[in-house]
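The values are calculated or read from the model by the stated rules, or taken from the named source; none is laboratory data. What you are looking at is a predicted structure, and each value in this text was computed from that prediction instead of being measured. Cβ coordinates were reconstructed from backbone atoms using ideal geometry, including for glycine residues, and neighbour counts include every protein chain displayed. What goes into the accessible areas is simple: the full protein's heavy atoms, side chains included, and nothing from ligands, DNA or RNA. Shrake-Rupley method; radii C 1.70, N 1.55, O 1.52, S 1.80 Å.
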Amino acid sequence: MTTTSRLRTPFTTRTTATEILTGVDLTGRRMIVTGGASGIGAETVRALAGAGAEVSVATRRPGAAEELVAEFAGRVRAGALDLADPDSVDAFVAGWDGPLDALVTNAGIMALPARQLTAQGWEMQLATNHLGHFALARGLHDRLRAAGSARVVLVSSGAHLGQPFDFDDPHFARQPYDPWAAYGRSKTANVLMAVGIARRWAADGITANALNPGYVMTNLQRHLDDGTLRAFGVLDDAGNPIEPPDYFKTPAQGAATSVLLAASPLAAGVTGRYLQDNQEVEVVPGGPEATGGVAAHAVDPATADRLWAYGERELAAR
């Protein structure tokens, strides 16, 4: 984590992704958004392509991006990417030709009710949310470097606050599986990855930052049970969907911080930071009582280095 003053912008929690780029011309810029076919990812794609960028939607089901491809003919394309499958990541990397100006690691899964493992024995949330993105970024490093001033944007979550990364049992082989602990640890890994890139790739002109998009109703919540959705305030006692509480954002508002970090001139040269509501937040102790900020365990340089080495070992042994 850098020691300079925190990044401040004129934007608010209700600013949309498109509003972030008012007056910004991204013509000639090439970008990738994982999980860009729906929800926050789709709004990220719309804002970037609407400002002139060429955007590749990396998704397990490219057909789901047909509407975006048609909406921005010639500027949006879709490619197959399964982050839980290293061979799929390798194939996507091999298919990318030329410089890459921004990589937005938006794809993710949340709170799988039962422990699932990949063919490599990786816990599915860690594999999808972190290890797959780690492999993707490393595979695309030379393309990012070729752009001259590339950006990596890691979509994390406030769920990281109470969950330091567990190096002793990252895949829940010995401890009871907990859906939220698994999710929170994978989101801590996202922030640590931003710190790791900032420490390693700055000389290549590559910056990296993480963010919390806030509460947004998307397909991410598809694995949550009715009790959890009631606790979130989006289901009534009878199980019927209701208008989300005021603290929820629209997908376009949830995508704003991703777009700020991917393409706004205000974020040029900024690296190793964590933002929420379009502002950099303070470092806090973390723990079960933490409700805001970024946890110290997620921005610790030594832990970031340890996670980087762990990721390299996992990918080498796959």
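Okay, here's what the table says:
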{"quantity": "Additional length obtainable on full extension of the chain from residue 12 to residue 145, 0.36 nm per residue less Cα span", "calculated": "44.7 nm"}
{"quantity": "Helical segments meeting 18 Å axial Cα length and Kyte-Doolittle 0.0 threshold in the chain (DSSP H)", "calculated": "179-200"}
{"quantity": "Long-range amide H partners of residue 152 with built H, under 5 Å", "calculated": "103, 207, 208, 209"}
{"quantity": "Per DSSP, loop chymotrypsin sites (Phe, Trp or Tyr not before Pro) in the range 161-200 with at most 14 further Cβ within 10 Å", "calculated": "167"}
{"quantity": "GNM top mover of 67, 54, 289 - the chain, alpha-carbon springs below 10 Å", "calculated": "289"}
{"quantity": "Accessible area of the range 79-160 belonging to carbon and sulfur atoms, whole % at 1.4 Å probe", "calculated": "47 percent"}
{"quantity": "Computed lengthening from residue 27 to residue 237, 0.36 nm per intervening residue step minus Cα-Cα distance", "calculated": "70.7 nm"}
{"quantity": "Candidates 103, 140, 83, ranked by Gaussian network fluctuation over the chain, Cα under 10 Å, top entry", "calculated": "140"}
{"quantity": "Karplus (6.51, -1.76, 1.60) ³J(HN,Hα), θ = phi - 60°, over the range 295-300, in Hz, Gly and Pro reported as x", "calculated": "5, 4, 5, 8, 10, 6"}
{"quantity": "Fluctuation leader among 55, 33, 270 - the chain, Gaussian network, Cα springs under 10 angstrom", "calculated": "270"}
{"quantity": "Distance in nm between pseudo-label sites at residue 77 and residue 178 (7 Å out along the Cβ direction from Cα)", "calculated": "4.5 nm"}
{"quantity": "Whole-Hz couplings from phi, Karplus 6.51/-1.76/1.60, listed for the range 281-290; x for Gly and Pro", "calculated": "9, 7, 7, 10, x, x, x, x, 8, 5"}
{"quantity": "Difference of contour (0.36 nm per residue) and Cα-Cα distance, residue 203 to residue 305", "calculated": "35.0 nm"}
{"quantity": "Label zone at residue 291 (point 7 Å along Cα-to-Cβ), backbone N below 11 Å, the range 6-43", "calculated": "none"}
{"quantity": "Residue-normalised accessible area of the chain, expressed per residue, 1.4 Å probe, Å²", "calculated": "41 Å²"}
{"quantity": "Using a Förster distance of 35 Å, the FRET efficiency for residue 112-residue 5 (Cβ separation, nearest 0.05)", "calculated": "0.35"}
{"quantity": "From phi via Karplus (6.51, -1.76, 1.60), per-residue ³J(HN,Hα) for the range 115-131 in Hz, x at Gly/Pro", "calculated": "5, 10, 10, 7, 4, 8, x, 8, 4, 4, 5, 5, 5, 6, 6, 10, 4"}
